[in-house]
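Just so it is clear, none of the values below were taken in a lab; they were calculated from the coordinates. Worth saying up front: this structure is predicted, and the values here are computed from it rather than measured. Here the Cβ is made from the backbone with ideal geometry for all residues, glycine too, and neighbour counts use every protein chain on show.
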Amino acid sequence: EKKTLFLGLESSCDETAAAVVARYPDGRGEILADVVLSQLEEHAAFGGVVPEIAARAHVEAMDRLLAEALQKAEVTPNALDGVAATVGPGLIGGLIVGAMTGKAVAYAAEKPFYGINHLEGHALTARLTEGVSFPYLMLLVSGGHTQIVLVKGVGRYERWGTTIDDALGEAFDKTAKLLGLGYPGGPNVEAAAKNGDTKRIALPRPLKGEARLDFSFSGLKTAVRQAAQAMAPLSDQDIADICAAFQKAVADTLEDRIRRSLKRFKDERLSSESEMPALVVAGGVAANSAIRQMLTALCNREGFSFVAPPVRLCTDNAVMIAWAGLERAAAGLQDNDMTMPVRSRWP
Ligand code: KG4
Ligand code: ZN
């Protein structure tokens, strides 16, 4: 059975990653190599990603990860059918490292180069891991993005909602920082919230009741800061209660927006009657179990299947970039474009 083989490279934020993925004619995929190097420790002291440090770390790691991925997959560049690299959106220094490396490999091995939108990578992952069919709804919640996207087909996306200020992961990280919990904040806030009372501190539910499907998290962060200041000095119990209240406010907000998105999906009769439509999650915040539980229950009530790829593939990786390249190639969407520029913003 003839399979198509792509190399993928990712370097848009604080993960350097390389992967080799195969796609079979029937649409099935197979991961042959998946290597990721997180720069968490380099950025931890700053409480967030520092672009210049990230770019330098990508330069140092990319060649080695590329070699490692090819070795694990037991392929040479000549055996590839294409090379895919993230060219946006993200931090420009990191994007340049991955894009130039990918173009160099493609040029040397005389293979087509695919410049991939990072968000398209997240959007299509569930087709590799769970074989989800179009159309489906995706909730992407990471450190850099908060979006509700209708995925109609390869290259056919409709953004239904986005954040008008902070990304959700960023809100978790900032909340953690102001409570003295370490970076990245999400897992620490979740752990602290387990011992907390969700009702002791009242926090807002931003944009609730509005017709649009957008998010806003900066007001929530400000409310957390004010609550923390009013309660200072904070005991462990105070911190737990603030985290529990924050997480509940976030879950309620997501619930509101997703419930209305599922309704819109049904109202617009986007999927066939015979098939159960799917809600797919992606991004680091999708690891949060309170959020997962809420989404699972919501989907059960609304007749959607809840699809969560393995956490390793929900967070940043190069498998999704190689896969997006394979899907685009199979759809005949894009060919060799060595002139494709990197872009920090790319809706
Ligand atoms: O997708 P990701 O690994 O990287 C990008 O931002 O692209 O997402 C990282 C974000 C961080 O903001 C982190 O705090 C958050 O995901 N996160 C969580 C959890 N685990 C990671 N947020 C809430 N609960 C978690 N368990
Ligand atoms: Zn991402």
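Annotations
- Trypsin sites (Lys or Arg not before Pro) restricted to the range 1-50 and DSSP loop, no more than 11 other C-beta within 10 Å: 2
- Local electrostatic count at residue 44 - Lys and Arg +1, Asp and Glu -1, tallied over other residues with Cβ under 12 Å: -3
- Volume per residue of the C-alpha convex hull in the range 212-283, rounded to whole Å³: 109 Å³
- Around the Cα centre of the chain, unit charges on the Cβ atoms of Lys, Arg, Asp and Glu (plus for the first two, minus for the last two) sum to a dipole of about 920 debye.
- Between the Cα long axis of helix 289-302 and the first principal axis of the chain there is an angle of about 80°, rounded to the nearest 10.
- When the chain is treated as a Gaussian network with alpha carbon springs shorter than 10 Å, the biggest mean-square fluctuation among 178, 168, 262 belongs to 178.
- Computed over the range 17-171, the range of Cα coordinates on each principal axis works out to 44, 43, 22 Å, biggest value leading.
- Across 113, 134, 46, mean-square fluctuation computed from a Gaussian network of the chain (C-alpha pairs under 10 Å connected) peaks at 46.
- Phi angles across the range 236-241 convert, under the Karplus curve 6.51 cos²θ - 1.76 cosθ + 1.60 with θ = phi - 60°, into 3J(HN,Hα) values of 4, 5, 4, 4, 4, 5 Hz, Gly and Pro given as x.
- Within a straight-line Cα-Cα reach of under 14 Å, residue 208 can be paired with the following aspartates and glutamates, leaving aside sequence neighbours fewer than 8 residues apart in one chain: 252, 255, 256.
- Under 26 Å from residue 152, Cα to Cα: lysines that are on another chain or at least 8 residues apart: 3, 263, 266
- Over the chain, DSSP H runs of length four or greater, each weighted -39,500 (n - 2.57), average out per residue to a 222 nm ellipticity of -14500 deg cm²/dmol.
- The range 97-112 - phi-based ³J(HN,Hα) in whole Hz, Karplus 6.51/-1.76/1.60, Gly and Pro as x: 4, x, 5, 5, 5, x, 5, 5, 4, 4, 5, 5, 8, 6, 10, x
- Close amide-amide hydrogen proximity is noted between residue 333 and no other residue 5 or more places distant or on a separate chain, at a cut-off under 5 Å (H modeled in the peptide plane; Pro and chain starts excluded).
- Spatial separation of Cα centroids for the range 9-40 and the range 224-303, in angstrom: 28 Å
- Measuring max minus min along each principal axis, the C-alpha atoms of the range 63-133 give extents of 34, 30, 21 Å (largest first).
- Footprinting exposure proxy for 241, 316, 63, 26 (fewest neighbouring C-beta atoms within 10 Å first): 26, 63, 241, 316
- Pair-distance profile P(r), taking every C-alpha pair of the chain, with 20 angstrom steps and integer %: 31, 55, 14, 0
- Estimated inter-spin distance, residue 164 and residue 289, nm [label 7 Å along Cα→Cβ]: 3.5 nm
- For the pair residue 268 and residue 178, the difference between a 0.36 nm per residue extended length and the Cα-Cα distance amounts to 28.2 nm.
- From phi via Karplus (6.51, -1.76, 1.60), per-residue ³J(HN,Hα) for the range 182-193 in Hz, x at Gly/Pro: x, 9, x, x, x, x, 6, 5, 4, 5, 5, 5
- The range 244-347, Rg to Rh (Cα coordinates; Rh as Kirkwood inverse mean 1/r): 1.05
- Peptides 323-334, 214-225, 197-208, 85-96 ranked from most to least packed give 85-96, 323-334, 214-225, 197-208, packing being the mean of other C-beta atoms within 10 angstrom over each peptide's residues.
- Expressed to the nearest 5 percent, the antiparallel share of DSSP beta bridges inside the range 133-308 is 60 percent.
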